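Read through the structure below, which is laid out as structure tokens, and then see the notes.
The values are calculated or read from the model by the stated rules, or taken from the named source; none is laboratory data. The structure displayed is predicted, hence computed values, not measured ones. Reconstructed Cβ throughout: ideal geometry from the backbone, glycine too, with neighbour counts over all protein chains shown. Remember, those area values only see protein heavy atoms, side chains included, never the ligands or the DNA or RNA. Shrake-Rupley method; radii C 1.70, N 1.55, O 1.52, S 1.80 Å.
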Amino acid sequence: LTVGLRAGEIASARVEDLGTDRGHRVLTITRKGGRRQRVPLPPAVWHAIETYLAGRTSGPLVATSTGRPVATSTIWRTVRRVATLAGVDKRIHPHSLRHACATLALDAGAELRDVQDLLGHADPRTTRRYDRARHRLDRSPSYAVATALAS
């Protein structure tokens with residue numbers, strides 16, 4: 001969930017979907033509409049997955065104690081439970097984490113189109129809603145244009 005995935009994408013992911021691509025560790029997921037997409041996994045996420053899997057090489061990525069795929073409702077309950085344990089007063093759900101991922105990426109300077117790709121949005125206007133800084137005047141491209149013209 002820290003890489004902007006939907007609860008359903010996590011629930012349907014399989015261990016066999018983990019891999020590498022040009023030096024990046026990736027998870028190939030199925031997006032809405034059946035589209036397949038490779039999502040890069042930061043080292044801390046990869047390590048957490050490896051620890052969780054404990055050598056398991058097949059089956060659901062996130063499994064129940066019986067080895068069946070975890071239900072999305074279980075993911076929702078787990079996110080809420082962890083938020084409560086962390087002292088978060090707001091009602092948190094998996095989409096809150098997806099929203100936070102997008103907002104933090106944009107605040108850190110990631111390009112809108114890259115965040116759009118990460119989230120699997122077809123329309124950039126959907127991703128734009130997460131950009132809290134879009135109305136900041138100091139980010140106006142008019143300054144970049146003026147600097148370019150002055151040079």
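Values as computed for the structure displayed
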{"item": "Members of the stretch 16-39 found to be assigned to a helix (DSSP H, G or I) and either under 25 Å from A122 (Cβ atoms) or open to solvent by less than 30 Å² (accessible area, probe 1.4 Å) (or both), listed by number", "result": "D17, K32, G33, G34"}
{"item": "Scope the stretch 1-27; condition closer than 22 Å to T64 by Cβ and touching a helix residue (DSSP H, G or I) at 6+ places or on another chain (Cβ under 8 Å); matching residues", "result": "L1, T2, L5, R6, A7, G8, I10, A11, V15, L18, L27"}
{"item": "The stretch 33-58 - residue that is in contact (Cβ under 8 Å) with a residue 40 or more places away in the chain and in contact with a strand residue (DSSP E or B) (Cβ under 7 Å, 6 or more places away or on another chain) and, of those, nearest to G19 (Cα to Cα)", "result": "V39"}
{"item": "Helices (runs of 4 or more DSSP H) enclosed by the stretch 63-151 - at least 2 residues per element that are open to solvent by 40 Å² or more (accessible area, probe 1.4 Å) and over 23 Å from T28 (Cβ atoms)", "result": "72-85, 94-107, 124-128, 141-150"}
{"item": "Count - residues of the stretch 40-60 that are open to solvent by 30 Å² or more (accessible area, probe 1.4 Å) and on the phi > 0 side of the Ramachandran plot", "result": "2"}
{"item": "Every residue from the stretch 90-129 that is among the acidic types (D, E) and either modelled with pLDDT under 90 or touching an Asp or Glu at 6+ places or on another chain (Cβ under 9 Å) (or both)", "result": "D107"}
{"item": "Residue match in the stretch 4-15 (condition: among the acidic types (D, E), without any contact (Cβ under 8 Å) to a residue 60 or more places away in the chain, touching a strand residue (DSSP E or B) at 6+ places or on another chain (Cβ under 6 Å) and surrounded by 12 or more Cβ atoms within 10 Å (Cβ to Cβ))", "result": "yes"}
{"item": "Set A71, A83: member being aliphatic (A, V, I, L, M) and modelled with pLDDT under 95", "result": "A83"}
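Okay, residues lined up against (1) more than 17 Å from the chain's Cα centre (by Cα); (2) among the aliphatic types (A, V, I, L, M); (3) within 18 Å of A13 (Cβ to Cβ):
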| position | (1), (2), (3) |
| --- | --- |
| W46 | no, no, yes |
| T51 | yes, no, yes |
| T57 | yes, no, yes |
| A63 | yes, yes, yes |
| P69 | yes, no, yes |
| T72 | no, no, yes |
| W76 | no, no, yes |
| G87 | yes, no, no |
| H99 | no, no, no |
